[in-house]
C-alpha cells in the first residue's frame, strides 16, 4: 500500500516536472471511477466521454494545486463532481421541463405501486427507468444533491468537500431538492390518477 | 398515492443500479493525446484577457457617462461645480482677507 502511494507521488512529481507520460498510469488507474461518476449525470456515452476527458485535462492543468496531504483520488473526485455539475448547468436548457408520457412498463409499475406498494419491486427495470427520467427533470443542484446524498449515501460534510459548497448551503439545497422531487412525483400522480 | 413512499422506492431502485465503470478502449491514449496537444495554461494570458475585458467595460461606461452628461441640459438653478469647489477650497483665505480689511 505504502509502495503504491509512493509510486503515485512519484508519478505526480514527474508529471509536474514536465514528463506528461508519467500521468498516463494515473489516467488508467482512476478512469473507471471517473466514468462511473460521469454516467450518473449524463446518459449519452459521447457526453460521458467528453466529461471524463475534461476531468483529466483539468487534472493535468491543475496538478500543481494538488498538495498531496490527501489522497490523489479525493482531489480527482472533487474535480470530477464539479465538472459534472458544470455539465449539468451548461445543459440545463436541453433538459425536458415536463414529464413526457410514461412508457407501458412504467405505468404498470406505478399501477402496482398504487394498488399495493410492496408489490412494486425496486429491482424492476421500470423503476430504474422512472428514476432516471425523474432525475433528468431536476434542476442541476437538486440532481447533484439527490445523487450524492440519497443515492450514493454520502454525508453532508463529504458533499460540502466535494462540491465546495458550505455545510448550511448543502443542507438548504438538500431540503429544496427533496421538495422539488416530491413536487415532480405529485405532478405525475395528479396527471395519472386525478 | 403515498408520494414519500414512492420517492423512497425510486431512490432504492437507483441505489440498486449503480452505473457501470467500463472504460472505452484506448481511452487513456486519447486523453494523453489531448494533453499533448492542449496549450499549456498561461496564467499571465488569463490575467491579460481579464484586464482587456474590464478595460472594455470601463471604456463603455465612460462613453455612456460622457454622452449622458453632454445630452443632459443643465438645470436652471444649478451651481457650477468648479466654482463651488474653488470657493470651498479658498474659504479660509477669503476669511483671512476679510479680517485683514
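A short reminder: the numbers here are calculations on the coordinates, not readings from a lab. Note that the structure is a prediction, hence the values are computed from the model and not measured. Cβ coordinates were reconstructed from backbone atoms using ideal geometry, including for glycine residues, and neighbour counts include every protein chain displayed.
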Over all directions, chain A yields a Cα convex hull whose mean projected area in nm² is 13.2 nm²
Peptide ranges B:3-11, B:19-27 listed from the most packed, as the mean C-beta count within 10 angstrom indicates: B:3-11, B:19-27
Give the shape of segment B:3-100 as rounded, prolate or oblate, defined through the alpha-carbon gyration tensor: a ≥ b ≥ c are the square roots of its eigenvalues, a/c under 1.5 means rounded, and otherwise the shape is prolate if a/b is larger than b/c and oblate if not. prolate
For Cα pairs less than 8 Å apart in space and 6+ apart in sequence, what is the mean separation divided by the residue count of chain A, i.e. the relative contact order in percent? 16 percent
Say each of residue B:20 and residue A:89 gets a label point 7 Å from the Cα, pointing the same way as Cα to Cβ; how far apart are those two points in nm? 3.1 nm
Whole-percent pair-distance distribution, where bins are 10 Å wide, for the alpha carbons of segment A:33-137: 13, 33, 25, 19, 8, 2
Using only alpha carbon pairs under 8 Å that are at least six residues apart, calculate the relative contact order of segment A:69-165 and give it in whole percent. 37 percent
Neighbour-count ranking for A:84, B:34, B:58 (other C-beta within 10 angstrom, fewest to most) reads B:58, B:34, A:84
Running Debye on segment A:26-84 with equal point scatterers at the Cα sites and no solvent, what base-10 log of I(q)/I(0) appears at q = 0.13, 0.18, 0.27, 0.28 Å⁻¹? -0.29, -0.55, -1.15, -1.23
As a check on your grasp of the helix formula, calculate [θ] at 222 nm for chain A: sum -39500 (n - 2.57) over DSSP H runs of n ≥ 4, divide by the residue count, round to the nearest 500. -23000 deg cm²/dmol
What is the spin-label model distance, in nm, from residue A:14 to residue B:81 if the labels are put 7 Å beyond Cα along the C-beta direction? 6.5 nm
